[in-house]
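First comes the structure, then the notes that go with it.
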Amino acid sequence: MTAISDHDAYIAAAPESFRATLARLRELLAQALPQADEVVMYNMPGFKIGGLVVASYAAFSKQCGVYFLPSAISQHSEEIAAAGFKATKTGITFTPRKPLPDDLVRRLARTACAAALTSQV
């Protein structure tokens, strides 16, 4: 992908098979983070509260990823594993055929938001 200016451009430039998944992630994150501003940082669409990007998402050649503050991932590590996914310190990758459950995305986003608002990053 080339440099992008906004979320719409990012999703439009992604492989067609990933676009619906990316659009759904954007929708879920926007709903869970109504006070956040949509931004593009490091050529990835994200959601910023104050000075922190609390959530972002990306498409790669064979998978998608969603990224949160480390505290959100660590607080939900058991749920992530129980859903059959592996997480790094800040993110979870998955395929469009097996997306993250909507409720888990919402919980991760809300936890990241709470951490940002209370400076518990």
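All of the numbers you see were taken from the coordinates with simple rules; none came from a lab. Everything numeric in this text was worked out from a predicted model, so none of it was measured. Note that each Cβ is placed from the backbone with ideal geometry, even for glycine, and that neighbours are counted across all protein chains shown.
Restricting segment 32-80 to chymotrypsin sites (Phe, Trp or Tyr not before Pro) that sit in a DSSP loop and have at most 16 other Cβ atoms within 10 Å of their own Cβ leaves Y42, F60. Rounded, prolate or oblate, given the Cα gyration tensor of segment 1-73, with a/c below 1.5 counting as rounded? In terms of gyration-tensor shape, prolate. For A12, the shell of other residues with beta-carbons less than 13 Å away shows a net charge of -1, using +1 for Lys and Arg and -1 for Asp and Glu. The amide H of C64, built 1.01 Å from its N in the peptide plane, has F94, T95 as neighbours under 5 Å, considering only residues 5 or more places off or on other chains. For segment 23-36, 3J(HN,Hα) computed residue by residue from phi via the Karplus equation (6.51, -1.76, 1.60; θ = phi - 60°) reads 5, 5, 4, 4, 4, 4, 5, 5, 5, 6, 10, x, 8, 7 Hz, glycine and proline entered as x.
Taking Cβ atoms as reference points and 9 Å as the exclusive limit, the residues near A32 contribute a net charge of +3, counting Lys and Arg as +1 and Asp and Glu as -1.
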